[in-house]
Amino acid sequence: MYAKICPQCLRQHGVTKLSWQLRAAVGCAEHGYSLIGMCPQCGESIGWNRPDVDICRCGRHFRGEPAAPLEPEVQAWLSWLEGGLTNTLPPPFPALPAAMLHLSIDGAFRIVEALGLCEGPGTSVRSALSGCKTPRGLGAVVQRGLQRLSAIEADVGVAMRLSGVANQPALAQIATDAAAEEDRALAWWLIQSMRSGIDPGSTRAGSRPRGQLPLFIV
């Protein structure tokens, strides 16, 4: 088991956060894109079995590169993520799509990643995945996905225009294997909208999974 850490948080607070272990944690809400998974000194993956919380197994204190500031959407995403993990009611986040209030953490990240993974038409999923191995790279994916989901909420016709860049196989996987019914509902709705360019509504017959709940896009 390996760890992701924020060196600045370890120096200031002496604690690690559960959220850092999630792929959805693309940065530190306090210090920006400061999460690291390898020790800058020895180049080895950071493990839990180490001399102290802020010391690597090589014996050196963790040092991080200057952290870049987070975009408003990514900042709101990380705050929403922390609120979901700590079971606290998060404040309103204008930068986030309204649908986020109804999704599980797993479903929200998978849907946002599917929408934002490819920067434009012609970008392969494989090359896009190779470009988001760092917190900063994955943060760009989250930012694009959130912006695209907000655009779809404002105009359902946007979904059809995004059909060439969205990772539709990933959305189909969510529709068949979701952590919550709300996740399944949104994934199914997005797929149908991208294929037809028409809002399928919450009760339209067809490939809608049994027990499907209405979509919460407003």
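If you take the square roots of the eigenvalues of the alpha-carbon gyration tensor of segment 36-132 and sort them as a ≥ b ≥ c, do you get rounded (a/c under 1.5), prolate (a/b over b/c) or oblate? If you can, show how the numbers build up before the last one.
Values: a/c = 2.38, a/b = 1.44, b/c = 1.66.
Verdict is oblate for segment 36-132.
Given the -39500 (n - 2.57) contribution per DSSP H run of 4+ residues, what per-residue ellipticity at 222 nm results for the chain, rounded to the nearest 500 deg cm²/dmol?
Details: 8 runs with 89 residues, N = 218.
Mean residue ellipticity at 222 nm (helix-derived): -12500 deg cm²/dmol.
Please list Lys133, Lys4, Lys17 from largest to smallest accessible area, probe radius 1.4 Å, with all protein chains kept in place. It would help to have the intermediate numbers written out before the result.
On the way: Lys133 165, Lys4 55, Lys17 75 Å².
The most accessible residue leads, giving Lys133, Lys17, Lys4.
Let me cross-check His13: its accessible surface, 1.4 Å probe, with only protein heavy atoms counted, in Å² to the nearest 10?
Using a 1.4 Å probe on the heavy atoms, I get roughly 100 Å².
Kindly express, to the nearest 10 degrees and within the range 0 to 90, the angle between helix 72-85's C-alpha long axis and the longest C-alpha principal axis of the chain.
Result, in degrees: 80.
How many angstrom lie between the Cα centre of segment 1-40 and the Cα centre of segment 116-170?
For segment 1-40 versus segment 116-170, the Cα centre distance is 25 Å.
At 1.4 Å probe size, put Val158, Val26 in order of accessible surface, largest to smallest. Can you show the working numbers first?
On the way: Val158 25, Val26 0 Å².
I get Val158, Val26, largest accessible area first.
Could you provide, to the nearest whole Å², the per residue accessible area of segment 1-85 with probe 1.4 Å?
Numbers: 4340 Å² over 85 residues.
In whole numbers, segment 1-85 has 51 Å² accessible per residue.
Looking at the chain, identify the longest residue range that excludes and avoids all GluC sites (Glu not before Pro) in DSSP loops having at most 16 other Cβ atoms within 10 Å. Walk me through the numbers before you get to the answer.
Details: sites that count: Glu30, Glu44, Glu119.
Longest run free of exposed loop sites: 120-218.
If amide hydrogens are placed 1.01 Å from N in the peptide plane, which non-local residues have theirs closer than 5 Å to the one on Ser34?
Result for Ser34 returns Cys28.
Taking only the C-alpha atoms, wrap a convex hull around segment 86-189 and report its volume per residue in Å³ as a whole number.
Details: hull volume 11.1 nm³, N = 104.
Cα-based convex hull of segment 86-189, divided per residue, equals 106 Å³.
Quick one: grab the alpha carbon gyration tensor of segment 113-157, order the square roots of its eigenvalues as a ≥ b ≥ c, and give me rounded if a/c is under 1.5, else prolate or oblate depending on whether a/b is larger than b/c.
Values: a/c = 3.61, a/b = 1.64, b/c = 2.20.
Oblate shape, in that a/c is at least 1.5 and b/c is the bigger or equal ratio.
Using a probe of 1.4 angstrom, how much of the accessible area of segment 92-200 is carbon and sulfur, in percent? Mind showing how you got there, number by number?
Working: 2550 of 4680 Å².
The value for segment 92-200 is 55 percent carbon and sulfur by accessible area.
How much accessible surface area, in Å² rounded to 10, belongs to the heavy atoms of Asp155 with a 1.4 Å probe?
Accessible surface of Asp155 is approximately 70 Å².
The values are calculated or read from the model by the stated rules, or taken from the named source; none is laboratory data. Values in this document were obtained by computation on a predicted structure and should not be read as measured data. Here Cβ is always computed from backbone atoms with ideal geometry, including for glycine, and neighbour counts include all displayed protein chains. Just so you know, the surface numbers come from the protein's heavy atoms only, side chains and all, with ligands and any DNA or RNA stripped out. Shrake-Rupley method; radii C 1.70, N 1.55, O 1.52, S 1.80 Å.
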